[in-house]
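A quick write-up on the structure given underneath.
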Amino acid sequence: MATMWFQGSLCTAAMTPRSVSIHPMSSLFAPAVIYPTLSSSWRSISLSNRSADCRTILLKRSSCWMPARARSLAAVADGGDSIEDGSILDDGSIVTTDEVEVHKHFKLPERDFTGTPYVPVYVMLPLCSINMDCELVDADGLLEQLKVLKSVDVDGVMVDCWWGIVEANAPQQYRWSGYKQLFQIVRNLDLKLQVVLSFHECGGNVGDDVHIPLPHWVTEIGQSNPDIYFTDREGRRNTECLSWGIDKERILRGRTAVEAYFDYMRSFRVELDEFFESGTISEIEVGLGPCGELRYPSYPAKNGWRYPGIGEFQCYDRYLLKSLWKAAEARGHLSWARGPDNAGSYNSWPHETQFFRDGGDYDSYYGRFFLNWYSQVLTDHGDRVLALANLAFEGTCIAVKLSGIHWWYKTASHAGELTAGFYNPSNRDGYAAIAKMLKKHRVALNFTCVELRTLDQQEDYPEALADPEGLVWQVLNAAWDVGIPVASENALPCYDREGYNKILENAKPRKDPDGKHLSAFTYLRLSSVLMEKDNFLEFERFVKRMHGEAVQDLQLQSS
């Protein structure tokens, strides 16, 4: 068989942050086109990414359909550039699905992270570490697991301090005993602590294996006044967290919601003072919404939401409707004092709705007014709570978590983000205002989904038009642009090298001219599955590379 070779660079037609050097908010829409085919049986193709660093890979002509993961070459050394259906070569020819197959026996070298910046690695503790009586569960077993983590140089652990446990029975009656015992064990092992102040309910979300409700005295108030909860258009209440509409309403036994959060934070700072003084507590993450994330509870499984539904707006409690009415009055259009009536339901897709479809009402005068108000309520809530958090935890690093809503990112409206409160359509940067607010309070950003690959999403859920890599690129740079630290965590359990490599690439961007890198990474989560031999060896290897240490089994390639 004759063999033909050429050298050429590649750029992908599908918009992912590592395939072309353009902002992910650029146009993502193009009609389907039938392209010419490759003419040779074998080609050596040089891939070029933003840093102009080239790799040589082999492609084999094939008439069979191949999985997207294979078409992407699994990962080109650094989890970066990838060949996709529709990729354009230097000679103008187009790579099509039925023509390209990765040579299955060609092993690509990995990027060498030896000597790169040290990124601390934390591990989330199980949700059930502390029971409803504020007692540490299985202290001996947890101690042994923490010793194992310590043996591979994990820097620390993350633990949720649940409002529904600590202040369960009566206002301003706090119980910290179980947490004190846990913190003492962590300190004795010379590990660090990231503490999440969780003002939300646990249960009903992905990965939840326990149920921890809001404090009993709060749910009693909710029985007589259900408007304390976020509410959808059909009037369904979400008891996962309190509506931001009551941030300044004195309906929690004489206190506003923000005052209740502050009293809780102040009690924690006083009662756990010794762990601040010893330096054991390295960071306080302040919960600002469902799952502890700064977002609306727009996609609750308990209300029937299923991926990749667009979710629903959550602004129909009487307190938020009152705020919307005031905003419409100030604008001079009282007819706008309403939520959209054509935005579909939890499991709708954007094109099925008049509001989110291309050219839909989301970009009308009313739509822009409503989305500005809806997203501003989110930013204002963060602003109020973080101002008080800085009073309670002066001198301590504070962080806020944002969720990675990557589905429908490759559409014009970004419907999933809009219902969650992130006003981030293709013609607007919805994360800049949030980053500016965090900068105001000197607060770090913690972002999720850094392990997800866009091509994997295209293979598993092509209808979702998801782009986690584009979203991560946008959000991390929004934070870095204003000069705040950025940490991250994985959204789903991760045990494989491919996922770890993607995390590493996001943690330490290749040849970034400013040397930007993550301030920390938190692994979701400590479990018996992680402790299985093969999984734990892979995790240990990942920790070493995050720390910039050499590992022995790599076929290394200079970065």
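Just so it is clear, none of the values below were taken in a lab; they were calculated from the coordinates. Since we're looking at a predicted model, the values are computed, not measured. A quick note on method: Cβ atoms are made from the backbone with ideal geometry, for glycine too, and the neighbour counts reach across all protein chains shown.
Values as computed for the structure displayed
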quantity: Backbone HN-Hα couplings from phi across the range 484-496 [Karplus 6.51/-1.76/1.60, Hz, Gly and Pro as x]; calculated: 9, x, 10, 10, 7, 8, 7, 7, 10, x, 9, 10, 9
quantity: Convex hull volume per residue for the range 491-544, taking Cα atoms only, in Å³; calculated: 81 Å³
quantity: Estimated distance in nm for a label pair at Asp153 and Phe369, the labels positioned 7 Å out from Cα along Cα-to-Cβ; calculated: 5.9 nm
quantity: Cα-based Rg and Dmax for the range 221-355, where Dmax is the largest Cα-Cα distance (Å); calculated: 18.3, 57
quantity: In Hz, Karplus ³J(HN,Hα) per residue of the range 258-263 (6.51, -1.76, 1.60; θ = phi - 60°; x = Gly, Pro); calculated: 5, 5, 5, 5, 5, 4
quantity: Per-residue HN-Hα couplings for the range 149-158 [Karplus 6.51, -1.76, 1.60; θ = phi - 60°; Hz; x = Gly/Pro]; calculated: 4, 4, 5, 9, 6, 4, 7, x, 10, 10
quantity: Shape call, the range 432-537: gyration tensor on alpha carbons, a/c limit 1.5; calculated: prolate
quantity: Over the range 150-232, relative contact order from alpha-carbon pairs under 8 Å, at least 6 apart, %; calculated: 36 percent
quantity: Cβ crowding within 10 Å averaged over residues, with 484-497, 339-352, 406-419, 291-304 ranked highest first; calculated: 406-419, 291-304, 484-497, 339-352
quantity: Separation between Cα centres of the range 174-241 and the range 514-554, rounded to whole Å; calculated: 29 Å
quantity: Eligible aspartates and glutamates near Lys508 by straight Cα distance, threshold 17 Å, same-chain separation 8 or greater; calculated: Asp53, Asp78, Asp81, Glu110, Asp112, Glu451, Glu469, Asp481, Glu489, Glu498, Glu549
quantity: Amide hydrogen neighbours beyond the local backbone of Glu285, cut-off 5 Å, H modeled; calculated: Val195, Val196, Leu197, Ala399
quantity: Ranked packing of 373-383, 140-150, most packed first, by mean Cβ within 10 Å; calculated: 373-383, 140-150
